[in-house]
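**Q** The structure that follows is given in the form of structure tokens.
The values are calculated or read from the model by the stated rules, or taken from the named source; none is laboratory data. As the structure is a computational prediction, the values presented were derived from the model and not from experiment. For accessibility, only protein heavy atoms count, side chains too; no ligands or nucleic acids. Shrake-Rupley method; radii C 1.70, N 1.55, O 1.52, S 1.80 Å.
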Amino acid sequence: MALLEILEYPDPRLRTVARPVSEVTDAHRTLIADMLESMYEAPGIGLAASQVDVHERIIVMDLSDDCSAPLVFINPDISVAEGKQTSEEGCLSVPGVYAKVDRYKLVTIKALDVRGKAFELEADELLSVCIQHEMDHLDGKLFVDYLSPLKRKRVDKKMEKRHKQDDS
Ligand code: NI
């Protein structure tokens, strides 16, 4: 397995719209194992392939305390979305930034598993938020896009400073 580099905002590659996976192959399974390892290492609770510069519709998550419940969604699609909830989100591509975002409360998601088998899952609370956040990545969207222009400007400055420090 290998640790993958996670792209950071405002890297334009994060804006790429990912294409659907036509067939789940061993190469995808290797990618998924690497994505999970990279997510655990970060540490984070969700990661989209877009964040590691692979523009295919794959997301991984694990909301457990001990990395014991990996979830994989290939070609995820939300078929039902209801209600509203607001919670604080963060993102491995926007390190150190947390902000409140409005999301659907309940979602029903259809996807393929690592063997290419279709499944359906109903999600609420944190899992629902995480699914919506990661699926946004596949469409080139980031949680900071939901912020007010003023808050967004603060995020831009913070990230600019971070990347300047990296370069020096
Ligand atoms: Ni994210």
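**Q** If you line up the Cα atoms of the stretch 1-143 on their principal axes, what length do they span on each, largest first, in Å?
**A** 38, 33, 32
**Q** Percent of Cα-Cα pairs more than 24 Å apart in the stretch 72-168, please.
**A** Percent of Cα pairs beyond 24 Å in the stretch 72-168: 32.
**Q** Return the sequence-ordered ³J(HN,Hα) values of the stretch 22-33 in whole Hz as given by the Karplus equation 6.51 cos²θ - 1.76 cosθ + 1.60 applied to θ = phi - 60°, using x for Gly and Pro.
**A** So the J values, rounded to whole Hz, are 7, 8, 7, 10, 4, 4, 5, 5, 5, 4, 5, 4.
**Q** With all protein chains present, how much of the accessible area of the chain (probe radius 1.4 Å) comes from carbon and sulfur, to the nearest whole percent?
**A** Carbon and sulfur: 51 percent of the exposed surface of the chain.
**Q** Residue by residue through the stretch 51-66, which ³J(HN,Hα) values in whole Hz follow from phi under the Karplus form 6.51 cos²θ - 1.76 cosθ + 1.60 (θ = phi - 60°), with glycine and proline marked x?
**A** Each residue's phi maps through the Karplus curve to give 6, 10, 6, 10, 9, 10, 7, 9, 10, 10, 8, 7, 9, 7, 7, 10 Hz.
**Q** Next question. Take the alpha carbon atoms of the stretch 1-57, find their center, do the same for the stretch 86-142, and report the distance between the two centers in whole angstrom.
**A** Value for the Cα centre distance between the two parts: 14 Å.
**Q** Once phi is turned into θ = phi - 60°, what whole-Hz ³J(HN,Hα) does the Karplus curve with 6.51, -1.76 and 1.60 give for every residue of the stretch 88-97, x standing for Gly and Pro?
**A** Those phi angles translate into 7, 10, x, 7, 5, 8, 10, x, x, 10 Hz.
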